[in-house]
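Working notes for the structure below.
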Protein chains: 2
Amino acid sequence: MKVEILTKTENGNIQKEIIAKIKDLINFKNLEPGDKLPSERMLAEKFGVSRSNLRETIQKLEFYGILKSMPQSGTFIENIGVTAINGMLDDILRLETPDFKSLVETRILLELKIARLAALRRTDDDLKEMRTALDAYNEKVRAGEDAVEEDLIFHLAIAKAAKNSSLNTFMLVITPGIITNFEKYHVCDKNQSFMGIQEHEDIYDAIKNQDPKLAKAKMKVHFKVLYQYCYNI
Amino acid sequence: MKVEILTKTENGNIQKEIIAKIKDLINFKNLEPGDKLPSERMLAEKFGVSRSNLRETIQKLEFYGILKSMPQSGTFIENIGVTAINGMLDDILRLETPDFKSLVETRILLELKIARLAALRRTDDDLKEMRTALDAYNEKVRAGEDAVEEDLIFHLAIAKAAKNSSLNTFMLVITPGIITNFEKYHVCDKNQSFMGIQEHEDIYDAIKNQDPKLAKAKMKVHFKVLYQYCYNI
DNA sequence: CAATTAAAATTGGTTAACCAGATTGGTTTG
DNA sequence: CAAACCAATCTGGTTAACCAATTTTAATTG
């Protein structure tokens with residue numbers, strides 16, 4: 001029931017080892033925020049790992065805002081306190097690969113908010129894109145074909161209309177794991193797709209009429225089956 | 001008002017160019033899901049970029065579940081339809097660096113859900129960790145010192161208790177941007193910290209008593225000031 | 001002795017060479 | 001003729017050499 005996302009299954013362990021060693025370095029050597037880390041070459045040798053692996057790990061910690069590499073200068077500890085850094089590093093080390101349940105739970109949360117925001121912020125162009133996606137979906141379903149992709153496109157169109165780039169990014173990050181599991185466990189069968197037509201139209205209408213409460217409610221209906229399924233798996 | 005997160009400010013543009021070229025390749029050469037991409041060396045030359053840049057981009061698309069590299073074998077297109085891939089690639093290309101407003105909006109959404117889940121799922125160990133973090137926070141505030149870090153640790157402890165790894169990851173991803181902006185715009189002044197003591201205690205009590213609704217409500221109170229601030233910036 | 005400047009060493013980033021394993025095509029063999 | 005096998009080749013991953021810019025050091029000069 002594990003999903004390969006947000007963590008590299010391969011280098012994951014070696015990366016975690018490196019992160020732990022960096023944490024030790026910061027604590028043991030009493031490095032303070034703003035201080036410079038030893039050079040990549042030195043650290044790679046000290047840790048007994050390749051420089052490329054070390055660089056990948058540093059990039060990951062840059063992504064989490066803990067380190068910052070300056071070209072031809074060095075890698076620095078971001079200007080947040082050592083307590084916070086320790087807490088975040090512990091969390092990163094403890095992070096597991098999200099299971100399907102986590103993904104679905106999170107997706108529903110995101111999509112409910114997105115529906116609300118989309119109803120509030122959608123432009124006419126957004127609406128047009130949603131309509132196009134929805135038509136493509138309906139056509140596929142009526143033809144009795146698989147429409148998981150078209151479904152996805154519709155939901156991404158809504159996300160775009162919500163005008164929140166963080167939410168958009170998270171939707172994208174979550175999506176592949178969802179799709180893979182859908183296909184693996186055959187979550188979407190034909191019947192559900194047919195029900196989906198009306199549910200999608202309801203969501204679309206609510207967003208069109210700029211009714212955030214209704215949009216969220218209709219999205220909730222849409223996810224009800226998925227929600228229950230996810231909790232019985 | 002831009003935050004350096006979720007996108008590399010530097011190689012961002014070159015990466016987007018590469019992604020666009022990969023998209024063209026898939027569409028123009030009619031590559032289907034499951035197909036193998038040309039080798040890294042070939043693509044690097046064809047695109048006129050360095051192999052390392054190409055590899056970084058491929059890893060990013062692997063992260064989004066669009067490509068999959070197999071050692072000593074090749075890079076393959078994941079088994080999702082070409083429509084979905086096009087939609088996702090478009091989205092990735094359009095992704096902006098989240099602004100502060102997006103971050104705060106998303107953080108509040110995540111934290112409200114997290115508070116609810118934590119109240120439902122917290123173990124006694126979780127509670128102990130939260131208590132420790134909270135004590136550290138209170139002490140700092142009462143001493144008149146800055147307590148942004150201790151605040152963060154407390155919130156991360158709640159997130160841990162929510163037992164949802166996706167939500168945990170997203171909190172971590174969002175956090176650095178929030179901290180940076182907090183410091184930049186002096187969001188947290190001493191008065192707010194003092195109010196924070198009671199607010200935090202309320203959240204803690206609700207989670208301790210396993211009252212999800214109250215936990216969410218108290219978290220909402222806690223974020224009210226931030227929310228308003230965020231919408232007036 | 002202090003200020004200046006130039007050169008040498010150090011830095012992260014990039015490029016090219018190398019590696020082990022998977023793939024492939026042709027050859028051999030039953 | 002088909003199946004088994006082996007070597008040449010191609011693959012992503014790794015390592016080492018290289019680059020340009022920065023930082024440090026030391027020599028020079030007023």
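The values are calculated or read from the model by the stated rules, or taken from the named source; none is laboratory data. This structure is a prediction, so every number in the text was calculated from the model and none was measured. All Cβ positions, even for glycine, are placed from backbone atoms using ideal geometry, and neighbour counts span all protein chains on display. These accessible areas exclude ligands, DNA and RNA; they are computed on the full protein's heavy atoms, side chains included. Shrake-Rupley method; radii C 1.70, N 1.55, O 1.52, S 1.80 Å.
Between the listed residues A:S50, A:L37, A:P71, the Cα displaced farthest toward the positive end of the dipole of the range A:12-94, a dipole computed from Cβ unit charges relative to the Cα centre, is found at A:S50. The translational diffusion coefficient of the range B:47-147, from Stokes-Einstein at 20 °C and 1.002 mPa s with a Kirkwood hydrodynamic radius over alpha carbon pairs, comes to 116 µm²/s.
Take each residue of peptide A:156-162, count the partner chain Cβ atoms within 10 Å of its Cβ, and average: the result is 2. With respect to chain A, whose longest principal axis is taken over its alpha-carbon atoms, helix A:165-185 is tilted by about 70°.
Pairs to check: B:K113/B:K208; A:K113/B:K60; B:K16/B:K60. Give those whose C-alpha atoms are more than 19 Å from each other in this structure.
Numbers: B:K113/B:K208 16 Å; A:K113/B:K60 26 Å; B:K16/B:K60 11 Å.
Correct reply: A:K113/B:K60.
Dipole check for the protein assembly as shown: with +1 at the C-beta of Lys and Arg, -1 at the C-beta of Asp and Glu, and the Cα centre as origin, the magnitude is about 40 Debye.
For the range B:39-101, applying the loop criterion from DSSP together with a ceiling of 14 other beta carbons within 10 Å to the GluC sites (Glu not before Pro) yields B:E96.
For peptide B:168-181, the mean count of partner chain Cβ atoms within 10 Å of a residue's Cβ comes to 6. Take every Cα pair under 8 Å whose residues are at least 6 apart in sequence, average their separation, divide by the length of chain A, and the relative contact order is 23 percent.
Taking a probe of 1.4 Å, how large is the accessible area per residue of the range B:1-158, in Å²? Don't skip to the answer; put the middle values down first.
Working: 7390 Å² over 158 residues.
Computed with neighbouring chains in place, this is 47 Å² per residue.
Once all protein chains are placed together, A:S39 keeps about 50 Å² accessible to a 1.4 angstrom probe. Neighbours of A:D35, meaning other residues whose beta-carbon lies under 12 angstrom from its beta-carbon, give a summed charge of +1 when Lys and Arg score +1 and Asp and Glu score -1.
Of all chain B residues, the closest to the B-onto-A rotation axis by Cβ, with that distance in whole Å, is B:F170, 3.
If R0 is 41 Å, the Cβ-Cβ spacing of B:E45 and A:N79 corresponds to a FRET efficiency of close to 0.50. Please say if the range A:12-94 is rounded, prolate or oblate, where rounded means a/c under 1.5 for a ≥ b ≥ c the square roots of the C-alpha gyration tensor eigenvalues, and otherwise the choice is prolate for a/b larger than b/c and oblate otherwise? Taking the square roots of the gyration eigenvalues as a ≥ b ≥ c, the range A:12-94 is rounded.
If I take every Cα pair under 8 Å that is 6 or more residues apart in the range B:100-232, average their sequence separation and divide by the length, what percent do I get for the relative contact order?
Working: 154 pairs, mean separation 54.9, N = 133.
Rounded, it is 41 percent for the range B:100-232.
Defining a contact as two alpha carbons under 8 Å apart and six or more residues distant in sequence, what relative contact order in percent does the range B:12-94 show?
37
Of the accessible area of the protein assembly as shown, computed with a 1.4 Å probe over protein heavy atoms only, carbon and sulfur atoms account for 51 percent. For chain B, take the longest principal axis of its alpha carbons; what is the angle in degrees between that and the long axis of helix B:124-142, to the nearest 10 within 0 to 90? Here the helix axis deviates by roughly 70 degrees. Note on chain B: with charges restricted to the Cβ of Lys and Arg (+1) and Asp and Glu (-1), its dipole about the Cα centre is near 600 debye.
Neighbours of A:Q198 by Cβ distance under 11 Å: Lys/Arg scored +1, Asp/Glu scored -1, total -3.
As a test of the formula, what do you get for chain A when each DSSP H run with n ≥ 4 contributes -39,500 (n - 2.57) and the sum is divided by the residue count, at 222 nm and rounded to the nearest 500 deg cm²/dmol? Walk me through the intermediate numbers first.
Working: 10 runs with 167 residues, N = 233.
Helix contribution divided over all residues of chain A: -24000 deg cm²/dmol.
The distance linking the range B:106-179 with the range A:63-102 is 16 Å (Cα centroid to Cα centroid, whole angstrom). With no solvent and one point per C-alpha, what does the Debye sum give as log10 I(q)/I(0) for chain A at q = 0.08, 0.09 Å⁻¹? After summing over all Cα pairs, the log10 values are -0.43, -0.52.
Summed over both chains, the area buried between B and A is near 4800 Å², taken from the accessible surface of protein heavy atoms with a 1.4 Å probe. Seen against the Cα atoms of chain A and their longest principal axis, helix A:51-63 is set at about 60 degrees. With label points defined 7 Å past Cα in the direction of Cβ, position A:S52 shows copy-to-copy spacings of 1.1 nm, given to one decimal and shortest first.
Name the shape class, rounded, prolate or oblate, that the alpha-carbon gyration tensor gives for the protein assembly as shown, where a ≥ b ≥ c are the square roots of its eigenvalues, rounded holds for a/c under 1.5, and otherwise prolate holds if a/b is larger than b/c and oblate otherwise. List each step's numbers first, then the result.
Working: a/c = 1.79, a/b = 1.14, b/c = 1.57.
Because a/c hits 1.5 or more and a/b fails to exceed b/c, the protein assembly as shown counts as oblate.
Between A:I18, A:I203, A:I158, the Gaussian network model of chain A with springs among Cα atoms under 10 angstrom shows the greatest mean-square fluctuation at A:I18. By the equivalent-ellipsoid construction on the alpha carbon gyration tensor, the range A:100-232 comes out with semi-axes of 21, 17, 13 Å, ordered largest to smallest. All other residues whose Cβ lies under 11 angstrom from that of A:I26 are scored, Lys and Arg at +1 and Asp and Glu at -1, for a net of 0.
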